[in-house]
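Colleague: Got a structure here, written out as C-alpha coordinates. Questions coming.
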Amino acid sequence: MEFSSIFVPNSPQEAVALTILLAFAGYLVTYLGNRMMARRTARLQLVDRRLNEFYGPLYVASQAGNIAYRSLLKKQGKTQCHPISPSEMDEWMLWMKTIFMPLNNIREKIIIEKAHLIVEQEMPHCLLEFVTHVVGYKAVLAKWANGDYSESRSTIGWPPEFDRYVERSYAALKAEQMRLLHGFAWRLHHRITRKARA
(Lines give C-alpha, C1' and ligand atoms only; values in the text may rest on other atoms or scores of the structure.)
Protein backbone atom coordinates (compact mmCIF):
# COMPACT_ATOMS: atom_id res chain seq x y z
CA MET A 1 0.00 0.00 0.00
CA GLU A 2 1.40 3.37 -1.01
CA PHE A 3 1.35 6.31 1.43
CA SER A 4 -0.58 8.49 -1.02
CA SER A 5 -3.37 5.92 -1.27
CA ILE A 6 -4.29 6.55 2.36
CA PHE A 7 -5.36 10.11 1.49
CA VAL A 8 -7.12 9.29 -1.77
CA PRO A 9 -10.48 7.65 -1.06
CA ASN A 10 -11.49 4.81 -3.37
CA SER A 11 -15.20 4.97 -2.57
CA PRO A 12 -17.81 7.50 -1.39
CA GLN A 13 -17.80 5.80 2.05
CA GLU A 14 -14.03 6.28 2.37
CA ALA A 15 -14.44 9.91 1.31
CA VAL A 16 -17.06 10.46 4.03
CA ALA A 17 -14.91 8.69 6.61
CA LEU A 18 -11.85 10.74 5.63
CA THR A 19 -13.89 13.95 5.78
CA ILE A 20 -15.17 13.07 9.25
CA LEU A 21 -11.66 12.13 10.40
CA LEU A 22 -10.17 15.37 9.07
CA ALA A 23 -13.00 17.41 10.60
CA PHE A 24 -12.50 15.72 13.96
CA ALA A 25 -8.72 16.21 13.76
CA GLY A 26 -9.28 19.89 12.90
CA TYR A 27 -11.69 20.28 15.81
CA LEU A 28 -9.25 18.56 18.18
CA VAL A 29 -6.34 20.77 17.10
CA THR A 30 -8.51 23.88 17.45
CA TYR A 31 -9.81 22.79 20.85
CA LEU A 32 -6.33 22.02 22.21
CA GLY A 33 -4.93 25.22 20.74
CA ASN A 34 -7.71 27.31 22.29
CA ARG A 35 -7.27 25.56 25.61
CA MET A 36 -3.52 26.22 25.62
CA MET A 37 -4.11 29.85 24.62
CA ALA A 38 -6.70 30.29 27.40
CA ARG A 39 -4.27 28.89 29.98
CA ARG A 40 -1.50 31.13 28.70
CA THR A 41 -3.82 34.17 28.78
CA ALA A 42 -4.94 33.36 32.34
CA ARG A 43 -1.33 32.92 33.44
CA LEU A 44 -0.32 36.21 31.80
CA GLN A 45 -3.21 37.99 33.54
CA LEU A 46 -2.08 36.63 36.91
CA VAL A 47 1.54 37.61 36.27
CA ASP A 48 0.42 41.09 35.20
CA ARG A 49 -1.65 41.52 38.37
CA ARG A 50 1.24 40.35 40.54
CA LEU A 51 3.56 42.83 38.83
CA ASN A 52 1.12 45.76 38.70
CA GLU A 53 -0.43 45.43 42.15
CA PHE A 54 2.20 43.78 44.34
CA TYR A 55 5.78 43.22 43.22
CA GLY A 56 6.10 46.25 40.92
CA PRO A 57 5.01 48.88 43.47
CA LEU A 58 6.91 47.03 46.23
CA TYR A 59 10.05 47.04 44.07
CA VAL A 60 9.80 50.75 43.20
CA ALA A 61 9.15 51.79 46.81
CA SER A 62 12.04 49.60 48.01
CA GLN A 63 14.45 50.99 45.44
CA ALA A 64 13.41 54.55 46.32
CA GLY A 65 13.90 53.80 50.02
CA ASN A 66 17.36 52.34 49.41
CA ILE A 67 18.43 55.31 47.28
CA ALA A 68 17.18 57.73 49.95
CA TYR A 69 18.92 55.78 52.72
CA ARG A 70 22.25 55.77 50.85
CA SER A 71 21.82 59.49 50.16
CA LEU A 72 21.35 60.21 53.86
CA LEU A 73 24.42 58.14 54.75
CA LYS A 74 26.49 59.93 52.13
CA LYS A 75 25.31 63.30 53.41
CA GLN A 76 26.32 62.32 56.94
CA GLY A 77 29.59 60.70 55.83
CA LYS A 78 28.61 57.35 57.37
CA THR A 79 28.42 53.75 56.20
CA GLN A 80 25.44 52.90 58.43
CA CYS A 81 23.01 55.21 60.13
CA HIS A 82 23.16 53.71 63.62
CA PRO A 83 24.14 54.72 66.17
CA ILE A 84 22.56 58.14 65.76
CA SER A 85 24.39 60.87 67.59
CA PRO A 86 22.42 63.64 69.37
CA SER A 87 23.57 66.11 66.67
CA GLU A 88 22.12 63.84 63.94
CA MET A 89 18.80 63.22 65.66
CA ASP A 90 16.88 66.15 64.13
CA GLU A 91 17.86 65.17 60.60
CA TRP A 92 17.13 61.48 61.28
CA MET A 93 13.65 62.36 62.56
CA LEU A 94 13.02 64.54 59.51
CA TRP A 95 14.01 61.77 57.08
CA MET A 96 12.04 59.16 59.03
CA LYS A 97 8.86 61.26 59.06
CA THR A 98 9.00 62.61 55.50
CA ILE A 99 10.75 59.88 53.47
CA PHE A 100 11.28 56.53 55.16
CA MET A 101 7.95 56.10 56.97
CA PRO A 102 5.80 57.16 54.00
CA LEU A 103 7.65 54.56 51.86
CA ASN A 104 7.35 52.00 54.67
CA ASN A 105 3.63 52.68 54.92
CA ILE A 106 3.18 52.16 51.18
CA ARG A 107 5.00 48.82 51.33
CA GLU A 108 3.16 47.71 54.46
CA LYS A 109 -0.20 48.50 52.82
CA ILE A 110 0.73 46.54 49.68
CA ILE A 111 1.79 43.51 51.73
CA ILE A 112 -1.31 43.52 53.91
CA GLU A 113 -3.92 44.33 51.24
CA LYS A 114 -2.46 42.37 48.32
CA ALA A 115 -1.09 39.30 50.11
CA HIS A 116 -3.21 37.06 47.87
CA LEU A 117 -0.86 37.96 44.98
CA ILE A 118 2.25 36.56 46.66
CA VAL A 119 3.96 33.98 44.46
CA GLU A 120 4.71 31.51 47.24
CA GLN A 121 2.15 29.24 48.82
CA GLU A 122 3.03 30.56 52.29
CA MET A 123 3.81 34.11 53.36
CA PRO A 124 7.57 34.70 53.09
CA HIS A 125 9.04 35.35 56.53
CA CYS A 126 10.90 38.47 55.37
CA LEU A 127 7.57 40.14 54.50
CA LEU A 128 6.20 39.44 57.98
CA GLU A 129 9.44 40.76 59.49
CA PHE A 130 9.13 43.91 57.40
CA VAL A 131 5.58 44.59 58.62
CA THR A 132 6.63 44.14 62.26
CA HIS A 133 9.64 46.42 61.64
CA VAL A 134 7.26 49.13 60.38
CA VAL A 135 4.91 48.63 63.33
CA GLY A 136 7.89 49.15 65.63
CA TYR A 137 8.67 52.46 63.92
CA LYS A 138 5.06 53.56 64.29
CA ALA A 139 5.50 53.27 68.06
CA VAL A 140 8.74 55.30 67.87
CA LEU A 141 7.08 58.04 65.81
CA ALA A 142 4.14 58.14 68.24
CA LYS A 143 6.64 58.73 71.07
CA TRP A 144 8.28 61.52 69.06
CA ALA A 145 4.88 63.12 68.53
CA ASN A 146 4.46 63.18 72.34
CA GLY A 147 7.89 64.75 72.84
CA ASP A 148 9.65 61.55 73.94
CA TYR A 149 12.91 61.17 71.98
CA SER A 150 14.39 58.37 74.09
CA GLU A 151 14.21 55.96 71.12
CA SER A 152 15.54 56.64 67.65
CA ARG A 153 14.68 53.39 65.90
CA SER A 154 12.35 50.42 65.85
CA THR A 155 13.09 47.66 68.34
CA ILE A 156 12.47 45.23 65.46
CA GLY A 157 15.37 45.39 63.02
CA TRP A 158 15.26 45.67 59.24
CA PRO A 159 14.90 42.19 57.67
CA PRO A 160 18.09 41.68 55.61
CA GLU A 161 16.39 39.30 53.14
CA PHE A 162 13.54 41.71 52.31
CA ASP A 163 15.19 43.72 49.52
CA ARG A 164 16.72 40.61 47.92
CA TYR A 165 13.34 38.87 47.99
CA VAL A 166 11.53 41.81 46.37
CA GLU A 167 14.19 42.26 43.68
CA ARG A 168 14.41 38.52 42.89
CA SER A 169 10.64 38.08 42.71
CA TYR A 170 10.17 41.17 40.55
CA ALA A 171 12.88 40.04 38.10
CA ALA A 172 11.46 36.49 37.89
CA LEU A 173 7.95 37.77 37.18
CA LYS A 174 9.19 40.23 34.54
CA ALA A 175 11.04 37.37 32.82
CA GLU A 176 7.91 35.20 32.93
CA GLN A 177 5.82 38.06 31.56
CA MET A 178 8.23 38.43 28.63
CA ARG A 179 8.11 34.68 27.95
CA LEU A 180 4.31 34.67 27.97
CA LEU A 181 4.08 37.77 25.80
CA HIS A 182 6.63 36.75 23.22
CA GLY A 183 6.08 32.99 23.06
CA PHE A 184 8.35 30.44 21.47
CA ALA A 185 10.30 32.76 19.16
CA TRP A 186 11.27 35.03 22.04
CA ARG A 187 12.29 32.07 24.23
CA LEU A 188 14.47 30.67 21.46
CA HIS A 189 16.14 34.05 20.92
CA HIS A 190 16.63 34.47 24.68
CA ARG A 191 18.27 31.03 24.99
CA ILE A 192 20.59 31.69 22.05
CA THR A 193 21.70 35.09 23.35
CA ARG A 194 22.13 33.73 26.88
CA LYS A 195 24.37 30.90 25.59
CA ALA A 196 26.34 33.41 23.50
CA ARG A 197 27.02 35.49 26.63
CA ALA A 198 28.05 32.47 28.70
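Okay, residues lined up against (1) in contact with a helix residue (DSSP H, G or I) (Cβ under 9 Å, 6 or more places away or on another chain); (2) at pLDDT 95 or above; (3) under 30 Å from Tyr149 (Cβ atoms):
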| position | (1), (2), (3) |
| --- | --- |
| Met37 | no, no, no |
| Pro57 | yes, yes, no |
| Lys74 | no, no, yes |
| His133 | yes, yes, yes |
| Gly136 | no, yes, yes |
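Colleague: Could you tell me which residue of the range 146-177 is modelled with the lowest pLDDT, considering only residues that are hydrophobic (A, V, I, L, M, F, W, C) and farther than 26 Å from Pro83 by Cα?
Modeller: Ala175
Colleague: Restricting the first residue to the range 173-192 and requiring it to be farther than 14 Å from Arg49 by Cα and of a type outside the set (A, V, I, L, M, F, W, C), which pairs with a second residue that is modelled with pLDDT under 75 and surrounded by 12 or more Cβ atoms within 10 Å (Cβ to Cβ) meet a Cβ separation below 9 Å and a spacing of at least six or different chains?
Modeller: The qualifying pairs are Arg179/Trp186; Arg179/Arg187; Arg179/His190; His182/His190.
Colleague: How about the range 15-126: which helices (runs of 4 or more DSSP H) wholly inside it have at least 1 residues that are more than 17 Å from Ser154 (Cα to Cα)?
Modeller: Those helices (runs of 4 or more DSSP H) span 56-76, 101-113.
Colleague: If we scan the range 94-112, do we find a residue that is touching a residue at least 60 places away in the same chain (Cβ under 8 Å) and either basic (Lys, Arg) or out of contact with any Cys (no Cβ under 6 Å at 6 or more places or on another chain) (or both)?
Modeller: Checked the range 94-112: no residue is touching a residue at least 60 places away in the same chain (Cβ under 8 Å) and either basic (Lys, Arg) or out of contact with any Cys (no Cβ under 6 Å at 6 or more places or on another chain) (or both).
Colleague: When the residues of the range 110-139 are narrowed to those that are exposed (fewer than 13 other Cβ atoms within 10 Å of the Cβ) and charged (D, E, K, R), which ends up farthest from Arg164 (Cα to Cα)?
Modeller: Glu113
Colleague: Conditions first: (1) more than 30 Å from Met37 (Cα to Cα); (2) in contact with a Lys or Arg (Cβ under 7 Å, 6 or more places away or on another chain); (3) at pLDDT below 95. Leu180 passes all but one, so which condition is the exception?
Modeller: In the conditions (1) more than 30 Å from Met37 (Cα to Cα); (2) in contact with a Lys or Arg (Cβ under 7 Å, 6 or more places away or on another chain); (3) at pLDDT below 95, Leu180 misses (1) alone.
Colleague: Related question: When the residues of the range 39-85 are narrowed to those that are polar (S, T, N, Q) and over 27 Å from the mean Cα position of the chain (by Cα), which ends up surrounded by the most Cβ atoms within 10 Å (Cβ to Cβ)?
Modeller: In this case the residue turns out to be Gln76.
Colleague: Let me ask something additional. Of the conditions (1) in contact (Cβ under 8 Å) with a residue 24 or more places away in the chain; (2) surrounded by fewer than 16 Cβ atoms within 10 Å (Cβ to Cβ); (3) part of a helix (DSSP H, G or I), Tyr149 fails just one. Which one is it?
Modeller: Exception for Tyr149: condition (3).
The values are calculated or read from the model by the stated rules, or taken from the named source; none is laboratory data. For clarity, every value in this text was computed on a predicted model and none was experimentally measured. Backbone-built Cβ (ideal geometry, glycine too); neighbour counts: all protein chains shown.
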